[in-house]
Amino acid sequence: FFFVYCHGTAVTTCITVFGGDMVWEWHSLGVTSREELDLNSTLTCGQSFRWKAVNTGEFIGVLGLFIVRLRQDDEGIFFAYHPCTVSKEEMFRLLHDYFQLDVSLTRLYEHWKGGPSPTAIQEEFTAASACIKGLRILRQPPEECLFSFVCSQNNNIKRIAGMIEKLATNYGHFIAKVDNTKHYSFPSVATLARAKEQKLRDLGFGYRAKYITAAARELVARNSTAPEGNWLLSLRSESRTNSELINELTKLTGVGRKVADCVALFSLDRTSLVPVDTHVWQMALRFMDGLDDKSTLTAKRYDSIYNFFVSSFGPYCG
């Protein structure tokens with residue numbers, strides 16, 4: 001939560017027409033409380049970069065090979081998708097998994113407040129949680145997540161989203177055109193491995209271009225011997241420790257400690273990891289003993305910050 005803060009069955013169907021002749025069928029996601037999921041807080045905070053606000057309380061994005069629309073109002077959250085090549089029940093399960101709705105966020109919020117004797121940082125969380133309700137960690141496709149955060153280095157949310165859109169537009173699979181906007185899937189690592197570094201530079205990726213092509217080639221090599229041909233996805237089910245997992249991820253070109261932590265937190269089920277960016281570092285300076293303005297972020301201090309947040313908030317502290 002602090003990294004993001006600083007930085008039933010499908011029922012109820014209605015028909016709406018958008019984008020020419022395209023018909024969207026809306027279904028309930030089974031979430032009625034904004035304290036359990038707030039779309040605006042969750043989709044705009046900088047953990048995923050494929051979602052765009054199209055109306056008040058409504059977003060459109062690409063998830064896998066599907067264009068997904070999400071809408072939140074006083075009655076709850078509703079979803080629609082294209083193409084309708086899977087049942088609404090299967091899409092419901094996909095979105096339920098993506099938003100990790102099996103985890104009770106309201107219970108976690110209460111736990112993080114620290115009870116009758118909260119610490120200083122737990123009091124800080126209590127104040128923040130009054131303003132930011134329903135902010136959930138997403139469970140994203142690992143390969144898209146990795147390249148998103150390779151692009152995030154020395155960057156901002158708007159530019160990162162633009163880069164991810166360029167990757168999809170130039171290398172992904174065309175899905176459909178909605179309201180005069182063409183939507184593409186995120187490209188496979190095999191496709192990115194064949195991309196030319198100079199073209200990526202021409203598209204505005206700068207020094208990140210060599211990281212993208214090199215990391216993609218490295219993933220292709222790992223995928224050749226991985227279960228189901230997806231090395232990153234296989235890491236979800238492995239019993240490596242957090243440090244062992246991060247060590248593997250940082251072997252990829254362009255992946256440092258913070259990027260590895262982001263990938264592990266947002267796509268590989270490592271819910272206790274806290275990526276230390278400048279905002280988390282400033283919180284550490286405020287609330288941890290032994291740090292001051294003259295301190296620098298060494299590898300040892302990075303580990304100390306992680307341990308501090310785990311001790312303060314438990315296994316979901318990310």
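Looking for something among the small types (Gly, Ala, Ser) and touching a Lys or Arg at 6+ places or on another chain (Cβ under 7 Å) - is there at least one such residue anywhere in segment 75-93? Yes, segment 75-93 contains at least one residue that is among the small types (Gly, Ala, Ser) and touching a Lys or Arg at 6+ places or on another chain (Cβ under 7 Å).
Considering the conditions (1) open to solvent by 20 Å² or more (accessible area, probe 1.4 Å); (2) in contact with a strand residue (DSSP E or B) (Cβ under 8 Å, 6 or more places away or on another chain), VAL178 is excluded by exactly one of them, (1). Being on the phi < 0 side of the Ramachandran plot and touching a Leu at 6+ places or on another chain (Cβ under 7 Å) is true of VAL189. Quick check: anything in segment 58-71 surrounded by 15 or more Cβ atoms within 10 Å (Cβ to Cβ), small (Gly, Ala, Ser) and farther than 16 Å from PHE186 by Cα? No, segment 58-71 contains no residue that is surrounded by 15 or more Cβ atoms within 10 Å (Cβ to Cβ), small (Gly, Ala, Ser) and farther than 16 Å from PHE186 by Cα.
The requirement of being surrounded by fewer than 20 Cβ atoms within 10 Å (Cβ to Cβ), of a type in the set (Lys, Arg) and modelled with pLDDT under 95 is satisfied by ARG240. Look at segment 191-218: where a residue is within 17 Å of GLY172 (Cα to Cα) and a partner is aromatic (Phe, Trp, Tyr) and open to solvent by less than 70 Å² (accessible area, probe 1.4 Å), sitting 6+ places away or on another chain with Cβ atoms under 6 Å, you get THR191/TYR171. Is it true that some residue in segment 252-269 is open to solvent by 80 Å² or more (accessible area, probe 1.4 Å) and among the charged types (D, E, K, R)? Yes, that holds for at least one residue.
Return yes or no: is ARG208 open to solvent by less than 60 Å² (accessible area, probe 1.4 Å), in contact with a helix residue (DSSP H, G or I) (Cβ under 9 Å, 6 or more places away or on another chain), among the basic types (Lys, Arg) and over 28 Å from ASN40 (Cα atoms)? The answer is yes for ARG208.
The single condition among (1) touching a His at 6+ places or on another chain (Cβ under 8 Å); (2) modelled with pLDDT under 95; (3) open to solvent by less than 50 Å² (accessible area, probe 1.4 Å); (4) not basic (Lys, Arg) that LEU29 does not meet is (2).
Rundown of residues vs (1) hydrophobic (A, V, I, L, M, F, W, C); (2) within 21 Å of PHE149 (Cβ to Cβ); (3) open to solvent by less than 20 Å² (accessible area, probe 1.4 Å), yes/no style:
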position	(1), (2), (3)
LEU219	yes, yes, yes
GLY229	no, no, no
LEU235	yes, yes, yes
TRP281	yes, yes, no
ALA284	yes, yes, yes
THR298	no, no, no
ASP303	no, yes, no
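Of all residues in segment 272-307, those satisfying the criterion of being of a type in the set (S, T, N, Q), out of contact with any Cys (no Cβ under 8 Å at 6 or more places or on another chain) and either more than 29 Å from ARG139 (Cα to Cα) or part of a loop (DSSP other than H, G, I, E, B) (or both) are SER295, THR296, THR298.
The values are calculated or read from the model by the stated rules, or taken from the named source; none is laboratory data. Computed from a predicted structure; not experimentally measured. Here Cβ is always computed from backbone atoms with ideal geometry, including for glycine, and neighbour counts include all displayed protein chains. The accessibility values were calculated without ligands, DNA or RNA, using every heavy atom of the protein model including side chains. Shrake-Rupley method; radii C 1.70, N 1.55, O 1.52, S 1.80 Å.
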